[in-house]
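Structure record follows, encoded as structure tokens.
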Amino acid sequence: MPSAPAESGKVNGGNLSKAIQAVRGMNDVLPDQTPYWQQIEGAVRHILAAYGYSEIRMPVVERTELFARSIGEVTDIVEKEMYTFEDRNGDSLTLRPEGTAGCVRAGIENGLLYNQVQRLWYLGPMFRHERPQKGRYRQFHQIGAEVFGLEGPDVDAELILMTGRLWRQLGIADLVELQINSLGTAAARAVYRDRLVEYLKAHHAALDEDSRRRLETNPLRILDSKNPDMQPIIGRAPLLIDHLDPESRAHFDRLVAVLEAAGLRYTLNPRLVRGLDYYGRTVFEWVTDALGAQGTVCAGGRYDGLVEHLGGRATPAVGFAMGLERLVALMESTERARPADVAPHAYLALLGDSVQQDGLLLAERLRDRVPGLRLLTHCGGGGLKAQLKRADRSGASLALLLGGDEAARGEVGLKHLRANRDQESLGEDALCRRLAALVDGSAAGH
Ligand code: HAM
């Protein structure tokens, strides 16, 4: 028996079917926010091109073992935060929690890394099943840059200077602080690790549960603990920077010398260890105190062992990634970083059915003749008053009025919406000149 047709539910106040909501921690970026995103993406494209970087696009899904092998089995990301599932073939796949692993995989697989220098960048969504809070989401977006084939520290310095340039361009340079550290070589870390474990074992009673577990698996991460009770012990722990191998020490000193010569301020943070296992030598973070607990907007470092570890030839590498949601929040916090105006220059009101077609064609000609013009054409009919109200709400500076009389005279009425000036009537050539001046003026304003 055919069932009765289902009634459609209402989005608001409907009681038949409930509206479906987005997944927790995964956000829509709404039209009032996209100008910030576009501003960041535009500035990044521009600056990365200026430093000779090429864009690479990787899949959002990779084999689970890629992340386990690169980020590390005993990291928060791999242990607790990955979106892992079996596909229909029974393969274990994971939504990428970060971009470096996939970028290295793509570089090896496509022969981009052997015996050559590559400067690559990518942009896209990443997924981590963390507890959502301000600045921490389950789907978030990174722009990352990775350089292969250079041992640094010159390129480490260049990467950091490039991010500094980006903050200046975005108008947030005075809100972020650079922290740097060196993790030395794997051998130096192994020696240091023993010393640290010895020290921490001597204070075993004072360690929290998480740290006791990490003592066996990943003791360096204990230094990253946010638990206030742990801070006195962490504060007196031996520091890796004091136990660096001589080459790593020289590498770090040369990096610092370039930053100082360039006048870029930094803080040496000897407890900066990063949450991913692939790092060695240079590590850095750009942090802000304007966003609350989630204050790292950009982070990275050197990972000279990863390419070989993932099956490629030994290739030095360094990179970083920035969190776009956090950068947008930072830009929203300051007037200086307001994105360029994207309101239309003009709103074309069409008065009467007879001019609807003429109006659409006029709008096409205006867009042909005035490059950069943002023109909104009224659709859907209605009276003058209603159309002017829409014109006002659109943020346009001018309303263009086309009625039967104007059309017959080959003219268009021009009403100033933001200035107290008389209405005018212009032929199409004069109108184009006026609109071109408006477009130039608004472009010069930014
Ligand atoms: P990461 O520190 O895990 O490093 O992430 C880099 C940045 O992504 C963070 O500083 C933060 O701005 C943003 N981010 C991370 N998790 C979240 C989240 N749950 N919600 C919002 N934003 C977040 C990496 O991912 C490395 N792959 C960076 C790298 C590239 N190192 C070398 N090359």
Next item on the list: Could you state, as a whole-number percent, how many of the C-alpha pairs of the stretch 178-251 are farther apart than 21 Å?
Entry: 27 percent
Next item on the list: Let me have the relative contact order for the stretch 86-141, percent, based on Cα pairs under 8 Å that are six or more residues apart.
Entry: 27 percent
Notebook entry, point to check: Under a straight-distance cross-link criterion of Cα-Cα below 30 Å, which lysines are reachable from LYS80, leaving out those fewer than 8 residues away in the same chain?
Noted result: LYS134, LYS201, LYS226
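Using 0.36 nm times the number of residues separating HIS46 and VAL23, minus their current alpha carbon distance, what extension gain do you get? Each step should come with its number before you reach the end.
Working: separation 23, 0.36 × 23 = 8.28 nm, distance 3.33 nm.
Full extension of this stretch gives 5.0 nm more.
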Next item on the list: Take the alpha-carbon centre of the stretch 340-371, take the same for the stretch 252-274, and report the distance between them in whole Å.
Entry: 54 Å
Margin query: For a bin width of 10 Å, list the pair-distance distribution of the stretch 118-268 built from all Cα-Cα distances, rounded to whole %.
Written below: 9, 26, 33, 28, 4
Notebook entry, point to check: Any idea of the accessible area per residue across the chain, 1.4 Å probe, to the nearest Å²?
Noted result: 52 Å²
Check: Which percent of the accessible area of the stretch 346-444 is formed by carbon and sulfur heavy atoms (probe 1.4 angstrom)?
Finding: 49 percent
Notebook entry, point to check: Gain in length, GLU109 to LEU361, computed as 0.36 nm per residue apart minus the alpha-carbon separation, to one decimal in nm?
Noted result: 85.6 nm
Checklist line | Antiparallel bridges, percent of DSSP beta bridges restricted to the chain (to nearest 5) | finding: 80 percent
Item checked: Inter-label distance, nm, simple model (7 Å from Cα along the C-beta direction), ALA314/VAL256 -> 2.7 nm
Next item on the list: In debye, nearest 20, what is the charge dipole magnitude of the chain about its Cα centre with +1 on Lys and Arg Cβ and -1 on Asp and Glu Cβ, if you could check?
Entry: 640 debye
Next item on the list: For the chain, report the convex hull volume of the alpha-carbon atoms normalised per residue, in Å³, without decimals.
Entry: 240 Å³
Notebook entry, point to check: Based on the alpha-carbon gyration tensor of the stretch 299-439, what equivalent-ellipsoid semi-axes (square roots of 5 times the eigenvalues) come out, in whole Å, largest first?
Noted result: 50, 18, 14
Check: How big is the gap, in Å, between the Cα center of the stretch 197-246 and the Cα center of the stretch 60-120?
Finding: 29 Å
Notebook entry, point to check: Roughly what would the spin-label model give for GLN116 and ALA444, points 7 Å off Cα along C-beta, in nm?
Noted result: 4.6 nm
Check: How big is the gap, in Å, between the Cα center of the stretch 153-191 and the Cα center of the stretch 374-399?
Finding: 49 Å
Check: Which of LEU438, GLN118, HIS243 sits closest to the plus end of the dipole of the chain, meaning its Cα is farthest towards the positive end, when Lys and Arg get +1 and Asp and Glu get -1 on the C-beta?
Finding: LEU438
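The values are calculated or read from the model by the stated rules, or taken from the named source; none is laboratory data. Fair warning: this is a prediction, and the values are worked out from it, not measured in the lab. Neighbour counts run over all protein chains shown; Cβ positions are idealised from the backbone, glycine included. Remember, those area values only see protein heavy atoms, side chains included, never the ligands or the DNA or RNA. Shrake-Rupley method; radii C 1.70, N 1.55, O 1.52, S 1.80 Å.
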